[in-house]
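**Q** Encoded as C-alpha cells, here's the structure I'll be asking about.
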Amino acid sequence: MRAGVVKETAPGERRVALMPDAIARLRPAGIDVLVESGAGEGAWLTDAVYADAGAAVVSSAELYRTADVILTVTKPSAAMVGQLKEGQAILGMLAPLSDPELAAALAAKGVTAISLDGLPRTLSRTQPMDALSSQSNVAGYKAALVAATAFGRFFPMLITAAGTARPAKVLVLGAGVAGLQAIGTARRLGAVVSGYDVRPTSKTEVESLGATFVELTSVGDAAGEGGYARELTADERQAQQDELAGHIARHDVVITTAQVPGRRPPLLVTEDAIKAMMPGSVIVDMGASALGGNVSGSRPGETIITGNGITIIGAENLPATVPTAASNAYSRNITALLLHLTSDGALAIDTGDEIQAGVVITHGGRVVHEGVARLLGGRAEPAPGPATEPQEDLSAEQQEDLFSESQAELPPTGGGAGVDDTSN
C-alpha cells in the first residue's frame, strides 16, 4: 500500500501530516510512503530529509495518480477533491459534521474518507491516535504565549532596581486539554492564574497546576455523560455570563476555549464584561469562528482593540503557528491510526470495529457514519451495525460533538466551559 503525504494548501497552514521518522514505523506493515515535493517546508523539513528516511518524493500529479491513501492535516480543498479517484482513501482531520457536503462529494467519487475528528476518545487505546488532544495541547501553549506577547506588562512578578512589577492575573475559561495547557504555560511564565469549568471534577486538575479554581454559585454541576460537559440551558448560560463578568473584570488576561462543532460557540465574555475590564487587558478567544466566538465582537484571525483599550485576539489555527511540534504530534497520531486500519499491507475497513465506527465517514460509495448521514437529510444511508448506534458512554448528540476540525478537546476526564473545550 502506498500512503501519500500532500503539501497543505490552506492559508497559513504550515503543518505536515507525516514526519520522516514515521516512515520506518510504517514500512514493516507493508506501507510505502510518497511525499509531495515541498510538503514539509512549512515545518522546516526538506525533500532530502524525507528521501533519506526512505520516502519517494514525487510531484502532486504523481502522488494523486499512484497513492492508495492520501494523508492530510486539514480537510481537502475542492481542487484536491477533484484529483481523488475511486478506490482511494483520504485520512486527516476532515471536519465531516461541520462540512457534510464534503463527505457527500467524497462518497459520490467512491473515496473512503477517514477522519481523526471522529475518534471515540473514551477508549484508552485510542490515546496514541488522538489528534484533537495533541493539537489542542499545542494550541493551549501558544495561546498563553500570544496573550503574553500582546500584554503590555510582564507576566511574572519582577523585583528590580527600578521597582517591583506585580504579576499578571490570567483567567482561563475551560479546563480541557487546551485550557489546562494554557493554565500550565501561563503559570510557567510567572502569572497568577485562575481557571473555570462547569464540571466540578475539573477543580482538582486546575489546582494540580498551581492555579485557583473559580467556582460559580449560579451554575450547578454541568457534567454530562462519558466525562463531557453538557450544554447549559439558556437560563444557566445567562447566569454564568453574569457571574463570570465580575471575575473577568478582575483579571488582566482572559483565554477562552469553548466551541461546538457546526454551531455558534457559547458566549462567555459579554460586551458588558469587556467594558468592565481595565485598559490594556488582553482576551484570546480560542473559540473564534465564522459563526461567532466565546467573546463578544471577536473575529477569527483578527485582533481588535476596543474603545476602552481591550485587545481581543480571535485565535485561528494556533497549532499551525508551532508547525514542527504540532506536526510531530500529529504524525504520531495519524501513524497509529493508519497502522490500526492496515492488515496485510492494505486498508481493512470494518465499521464493526468500534474505532472505525467513529472515524470512517464514507466507504463503498456511501456515507456510512450516522451523524453525517443524518445531517445530509437522508440522502445517504448509514451502514448497518455499530456505526449506526450511539457509543456506550455518549449520547448521539455528544457523539456529534466529537467531530470537527477544531473542537471537542478533553482533559483526562472530559469537557469544558459549558460545552466541550477546543482549540484552533
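The values are calculated or read from the model by the stated rules, or taken from the named source; none is laboratory data. Keep in mind that this is a model prediction, so the values were computed, not measured. Quick reminder, even Gly has a Cβ in these numbers, built from the backbone with ideal geometry, and neighbours come from all protein chains shown. These accessible areas exclude ligands, DNA and RNA; they are computed on the full protein's heavy atoms, side chains included. Shrake-Rupley method; radii C 1.70, N 1.55, O 1.52, S 1.80 Å.
**Q** Based on the mean of other Cβ atoms within 10 Å per residue, sort peptides 50-60, 169-179, 327-337, 207-217 so the most packed one is first. Write down the numbers at each step before the final one.
**A** Details: 50-60: 17.2, 169-179: 31.8, 327-337: 22.9, 207-217: 14.6.
The densest-packed peptide leads the list: 169-179, 327-337, 50-60, 207-217.
**Q** OK, next. What is the antiparallel percent of DSSP beta bridges lying wholly in the range 49-168, to the nearest 5?
**A** Of the beta bridges lying entirely in the range 49-168, close to 30 percent run antiparallel.
**Q** Another question, if that's okay. May I ask for log10 I(q)/I(0) of the range 143-292 at q = 0.09, 0.10, 0.17, 0.20 Å⁻¹, from a Debye sum over the Cα atoms as equal point scatterers with solvent left out?
**A** -0.27, -0.34, -0.97, -1.33
**Q** With n ≥ 4 as the cut-off for DSSP H runs, can you work out [θ] at 222 nm for the chain, using -39500 (n - 2.57) per run divided by the number of residues, rounded to the nearest 500?
**A** About -8500 deg cm²/dmol.
**Q** Something else about it: When averaged across all projection directions, what area in nm² does the alpha-carbon convex hull of the range 1-111 cover?
**A** 6.6 nm²
**Q** Show which lysines lie in cross-link reach of Lys75 when reach means a straight Cα distance below 28 angstrom and same-chain residues fewer than eight apart are skipped.
**A** The qualifying lysines are Lys7, Lys85, Lys109, Lys142.
**Q** Let me ask something else about it. Considering Cα pairs under 8 angstrom that are at least six residues apart, work out the relative contact order of the range 1-115 and quote it in whole percent. Spell out each step's value before the answer.
**A** Values: 210 pairs, mean separation 30.1, N = 115.
Relative contact order, the range 1-115: 26 percent.
**Q** While we're on this one: Suppose a student asked you for the relative contact order of the range 288-355, using Cα pairs under 8 Å spaced at least 6 residues apart; what percent would you report?
**A** 17 percent
**Q** Now, a different point. Taking all protein chains in place and a 1.4 Å probe, what share, in percent, of the accessible surface of the chain do carbon and sulfur account for?
**A** Carbon and sulfur: 53 percent of the exposed surface of the chain.
**Q** Right, another one. Span-like helices, the chain: DSSP H, alpha-carbon axial extent 20 Å or more, mean Kyte-Doolittle -1.0 or greater, which ones?
**A** Numbers: long enough: 131-150 (28 Å, 0.65); 234-249 (23 Å, -1.07); 323-341 (26 Å, 0.33).
Helices meeting the span and hydropathy rule in the chain are 131-150, 323-341.
**Q** Per 5 Å bin from zero, what fraction in whole % of the C-alpha pairs of the range 249-357 is there, up to the bin with the longest pair?
**A** Spelled out per bin, shortest first, that is 2, 11, 17, 14, 12, 11, 10, 8, 6, 5, 3, 1, 0.
**Q** Take every Cα-Cα pair in the chain and report what % of them are more than 29 Å apart. Could you put the intermediate results ahead of the total?
**A** Numbers: 40018 of 89676 pairs.
Of all Cα-Cα distances in the chain, 45 percent exceed 29 Å.
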